[in-house]
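For reference, the structure discussed in these notes is given below.
The values are calculated or read from the model by the stated rules, or taken from the named source; none is laboratory data. All figures in this text were calculated on a predicted structure; none of them were measured in a lab. Neighbour counts run over all protein chains shown; Cβ positions are idealised from the backbone, glycine included. To get the accessible areas, we keep the full protein, side chains included, count just its heavy atoms, and leave off ligands, DNA and RNA. Shrake-Rupley method; radii C 1.70, N 1.55, O 1.52, S 1.80 Å.
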Amino acid sequence: MDSNLASLAAANAAFVGSHFVLSHPLRAGLVRALGEKGFLGLYSLVSFATLGWVAIAFRAVGPGGAMLWNGQADAPWIVASGLTIVALALVLAANKGNPALPGMSAEMAAQARPEGAFAVTRHPMMWGFALWALAHGIVAPNARTGITAGAMAVRALGGARLQDAKKARLMGP
């Protein structure tokens, strides 16, 4: 692996890893130490810094590289476009009736009947991001896209799983 791809892999690992670590094992202690707003500020700063590193490293790799298949053919674009439309619908729908939005208590969320996209999946935004990542991998099947899209899919689906585990611990069945 060349140094630019190694940097890209490290940047993506930092982005995904920092989300997982800050969202779950370190969150409670950091909220106690910094307060909720201080924690959110730190989380945002780390997120923007690591995502910026991903963008810089992605550009440094440059376009090209060996493609696993011809991503410029019509079929990959048709499939990816369909996935992107579904992904966009899920991301937009995640903003209506989201039990994680401010003002929704755990009791209210537990009693609410899932509607809209939440009747299909508990994590429509995360599934939207995962489908978006898959679409990118289909039309640009090279190393730099595979690393970044793969990391974003892991972040989305792994994050959804970690959220469910945390809610189960906090709220029970």
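Give the residue, chosen from M108, M104, that is at pLDDT below 80 and open to solvent by 70 Å² or more (accessible area, probe 1.4 Å).
Numbers: M104 fails: open to solvent by 70 Å² or more (accessible area, probe 1.4 Å).
Result: M108 is the single residue among M108, M104 that is at pLDDT below 80 and open to solvent by 70 Å² or more (accessible area, probe 1.4 Å).
Say whether the condition of being over 24 Å from A135 (Cα atoms) and either more than 21 Å from the chain's Cα centre (by Cα) or at pLDDT 90 or above (or both) is met by at least one residue in region 55-70.
In the first step, residues of region 55-70 are kept if they are over 24 Å from A135 (Cα atoms); the result is none.
No, region 55-70 contains no residue that is over 24 Å from A135 (Cα atoms) and either more than 21 Å from the chain's Cα centre (by Cα) or at pLDDT 90 or above (or both).
Could you tell me which numbered condition T121 fails, if it satisfies all but one of (1) under 22 Å from R59 (Cα atoms); (2) not in a helix (DSSP H, G or I)?
For T121, the exception is condition (1).
Which one of A165, A153, A149 is part of a helix (DSSP H, G or I), within 25 Å of R27 (Cβ to Cβ) and within 14 Å of the chain's Cα centre (by Cα)? First the steps, then the outcome.
Working: A165 fails: within 14 Å of the chain's Cα centre (by Cα); A149 fails: within 25 Å of R27 (Cβ to Cβ).
Only one candidate passes the filter, namely A153.
Could you tell me whether region 71-86 includes any residue that is at pLDDT below 80 and open to solvent by 60 Å² or more (accessible area, probe 1.4 Å)? It would help to see each step written out before you state the result.
First pass over region 71-86, keeping only residues at pLDDT below 80: 71-72.
Right, trim to open to solvent by 60 Å² or more (accessible area, probe 1.4 Å) and you get 72.
Yes - at least one qualifying residue is present in region 71-86.
How many of the residues making up region 136-173 are open to solvent by less than 50 Å² (accessible area, probe 1.4 Å), among the β-branched types (V, I, T) and within 17 Å of A11 (Cβ to Cβ)?
Residues in region 136-173 being open to solvent by less than 50 Å² (accessible area, probe 1.4 Å), among the β-branched types (V, I, T) and within 17 Å of A11 (Cβ to Cβ): 3 in total.
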